[in-house]
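S.K.: Dropping the structure in here first, questions after.
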C-alpha cells in the first residue's frame with residue numbers, strides 16, 4: 001500500500017479515535033463521534049426514519065483529512081503535517097425494528113489523483129430517527145435557535161455540489177474539540193461536517209508541542225445500489241456466539257526486491273442477529289513481516305445485512321437466480337461489482353476499480369462467504385474459511 005494511502009487511512013483513524021475519547025456519551029456514530037443532536041434532543045431517538053432512507057441506499061461524501069504538528073525545543077521551533085483526500089460511502093443494508101443497519105466504506109486515490117482503492121470499513125446499528133448522516137426533518141424543523149452553551153444552532157442557506165439547500169447548522173465545542181454539522185431541513189440528510197481537534201504534549205507545566213487535526217466531509221451523491229435480490233433473511237448458521245474463522249496470507253511483490261509473505265487469520269464472531277442483519281466482531285491476526293515471531297491484532301465491528309453486496313452472506317434462495325453479469329457500477333469510485341461464476345457449489349462475485357484493484361468473494365450453496373482474494377499492486381491477500 002502506497003505512502004499516501006497509509007497516511008490518509010491513519011489520519012481517518014486518528015480523527016475517529018481522538019473524537020471518541022473526547023466524549024462520555026453512549027451514542028456512537030460510525031465516524032467515531034457521538035451525535036450531540038440526539039443527546040440534546042432525545043425525541044430524535046423515537047422519531048421515524050426519513051422517507052428517503054431505504055434499504056440499498058448509498059450516500060457518498062467527499063472527504064479531506066489533515067494534521068499539523070508543532071514542536072519546540074529551546075530556541076528552535078518547527079512544524080510538520082500531512083493531508084489526504086478520498087471518499088466515504090455509507091450503505092443502508094437493513095431496516096428493522098426501528099433500527100438502521102449501515103456499512104461505511106472509505107476509499108483513497110492512488111497517488112492523489114489516481115483510481116480509488118478501498119482502505120477500511122465499519123458497521124453500525126443506528127436509530128431510525130437520527131444516525132450518523134441523517135436526522136428526522138420534522139424534529140429538526142422544531143429545534144429552537146438556542147440549544148445550550150456548548151451547542152449552537154443556526155439556520156442558513158448553503159450550496160453543496162451546485163445545489164441550493166436551506167440548512168440547519170449545529171456547532172458543538174468541548175475543550176479543544178469542535179464539531180460543525182449541517183443538515184438539509186427538508187430531508188434531514190447531512191450535507192457537510194467538519195471536525196477540529198487539538199492535543200498538547202506537555203513536560204510538566206511546559207507545552208512541548210501540539211497536534212491539530214482537521215476532518216471534513218461534503219455530500220457528493222445519493223443513489224440506490226443495484227441489489228440482485230429483493231428479499232431474504234439472516235441464515236440460521238449466523239446466530240449469536242457462532243464464529244467464522246478464515247486463514248490465509250498476504251504477499252507483497254516489489255520489482256528488484258524479494259517477495260514479502262506472512263500469515264493472516266480472521267475470526268468473525270456473531271454478536272447479535274436479527275431477521276435482516278447481523279452484527280459481527282472481526283479480529284484480524286497478522287504476522288509482523290519484520291519480526292515474524294510477533295503477532296499484530298486489530299479489531300472492528302462489522303454489519304452484514306440483506307441489502308448488501310459482498311457481506312458475510314447472501315440469501316440462499318437468491319443463488320439460483322444469479323447469473324454472470326455486471327450487477328452494479330458506482331459512478332463515484334469507479335467500482336464495478338459482477339457475478340463472474342455460478343455453479344452447484346455456489347457463486348463468485350468480483351469487485352474492481354477496472355484499473356489496479358480486484359477482489360473476489362466466493363459463497364457456497366448455503367450463501368456463506370468461504371473465500372476472499374484481493375490484489376492491489378503490489379499486494380495480494382488470500383483468505384479461506386476453515387471453521
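S.K.: Pick from segment 34-49 the residues that are under 21 Å from the mean Cα position of the chain (by Cα) and in a loop (DSSP other than H, G, I, E, B): which of them is surrounded by the most Cβ atoms within 10 Å (Cβ to Cβ)?
M.R.: Only one residue tops the list, namely 35.
S.K.: Assess whether residue 123 counts as being modelled with pLDDT under 85, assigned to a strand (DSSP E or B) and crowded, with 20+ Cβ neighbours inside 10 Å.
M.R.: No, not satisfied.
S.K.: Now for a different question. So the check is Cβ under 6 Å with 6+ separation or different chains; which pairs have a first residue in segment 111-129 that's free of Cβ contacts under 8 Å to residues at least 40 places away in the same chain and a second one that's not in a strand (DSSP E or B)?
M.R.: Listed by first residue and then by second, the contacts come to nothing, as the list is empty.
S.K.: What's the number of the only condition in (1) without any contact (Cβ under 8 Å) to a residue 60 or more places away in the chain; (2) under 19 Å from residue 375 (Cα atoms); (3) surrounded by fewer than 16 Cβ atoms within 10 Å (Cβ to Cβ) that residue 291 fails to meet?
M.R.: That leaves (2) as the condition not met.
S.K.: Output the number of residues of segment 312-337 satisfying the condition of being without any contact (Cβ under 8 Å) to a residue 60 or more places away in the chain, within 24 Å of the chain's Cα centre (by Cα) and within 30 Å of residue 271 (Cα to Cα).
M.R.: The qualifying residues number 1.
S.K.: Also: Find the residue count for segment 142-195, including only residues that are farther than 27 Å from residue 65 by Cβ, at pLDDT below 95 and surrounded by 13 or more Cβ atoms within 10 Å (Cβ to Cβ).
M.R.: Number of matching residues: 2.
The values are calculated or read from the model by the stated rules, or taken from the named source; none is laboratory data. Values in this document were obtained by computation on a predicted structure and should not be read as measured data. All Cβ positions, glycine included, derive from the backbone under ideal geometry; neighbour counts span all protein chains shown.
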